[in-house]
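The values are calculated or read from the model by the stated rules, or taken from the named source; none is laboratory data. Everything quoted here is computed from the prediction, not taken from an experiment. Reconstructed Cβ throughout: ideal geometry from the backbone, glycine too, with neighbour counts over all protein chains shown. These accessible areas exclude ligands, DNA and RNA; they are computed on the full protein's heavy atoms, side chains included. Shrake-Rupley method; radii C 1.70, N 1.55, O 1.52, S 1.80 Å.
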Amino acid sequence: MIDIATPEFLNELQSLYPATAKYLDGDWFLAAAVAFSSSNCPEAVPRVLRYALDALDKLPETSYEDRRLLVRKMRDGLLKSGILSGYPKAINALVSLYEATPEELRDTEPLRDSTRSKEEDAAAGQAYFDLTFGDTTAKIQPMLRSLYPDLEHFVVTVGYGYVYSFVEVISDKETSFATISTMIANGTPSQVEWHLTRAVHHGATVEEARAVREIALRIAIKAGVPLKIEVPNI
């Protein structure tokens, strides 16, 4: 496959995101990694990592914790994206990311509490589902249950309980960014407008939300993802 993650293209993607006081708050690399994974270009994810780490290392007083957080943000964004894009894509991207990650920046233990009970996951998932969907929860959750009760249980307990509700690495806002990037690059953007609005609700600026949309859209186009409908905007 032709390499689309050239330094020039990555520079273009980074330039789309509004300037931030801290490099790690510029979530272009999170959006890009997720979009490359979801568009089935896992080989591009290490390019994003190296580009972002190089940029971070050029800044004064960059610490080990800064470098570790950057890798973790990419890793957790990919984990969360797998709920929507499918875990074969996420696993391929995580393999590529792992191979490119310096050994000292690799995690060897789960960051989430793997000892939490199913009931605790369900409670955390319900709380995060309510936070995400707000007033529409009363409509959406019964709809999921009516489609297939197992779907509603999986979404709330596993998706929102174990995966999404963990926000110690990527925040609520960044979790919305991962969702937006996944939907666009996966060729399923019909719900993107709603999630763009939720990203703003979670603290993103309109400019940041639009930048994430544009980053994912440019990657999807480069990767040849068929977009059957126009990608909504905010």
If each residue of separation counts as 0.36 nm, what is the full-extension length gain between D135 and A19 once their alpha-carbon separation is subtracted?
38.5 nm
Of all accessible heavy-atom area on the chain, the percent that carbon and sulfur account for (1.4 Å):
54
Using the heavy atoms of the protein chains and a 1.4 angstrom probe, tell me the accessible area per residue for the range 124-234 in square angstrom.
47
Treat each spin label as a single point 7 Å out from the Cα along the C-beta direction, and report the D66 to S171 distance in nm.
1.8
Treating only the Cβ of Lys, Arg, Asp and Glu as charged (+1, +1, -1, -1), what charge dipole size does the range 72-222 show about its Cα centre? Round to the nearest 20 debye.
520
L227 versus T197, label points 7 Å from Cα toward the beta carbon: distance in nm?
2.1
Which value in nm describes the separation of the simple spin-label points at Y98 and D54, placed 7 Å from the Cα toward the beta carbon?
2.6
For V206 and L105 in the same chain, what is the full-extension length gain: residue separation times 0.36 nm, less their Cα-Cα distance, in nm?
33.1 nm
Excluding residues fewer than 8 positions from K73 in its own chain, the lysines with Cα under 22 Å of it are K22, K58, K89, K173
How far is the Cα center of the range 21-48 from the Cα center of the range 154-171, in Å?
20
Label point 7 Å beyond Cα of A127 along Cβ direction - residues of the range 151-177 with amide nitrogen under 13 Å
161-162, 165-168
Using Cα-Cα distances under 8 Å and only pairs 6 or more residues apart, what relative contact order does the range 46-166 have, in percent?
27
Once you treat every alpha carbon in the range 126-234 as an equal point and sum by Debye, what is log10 I(q)/I(0) at q = 0.10, 0.11, 0.12 Å⁻¹?
-0.30, -0.37, -0.44
Report, in degrees rounded to the nearest 10, the 0 to 90 angle that the Cα long axis of helix 137-147 makes with the longest principal axis of the chain.
80
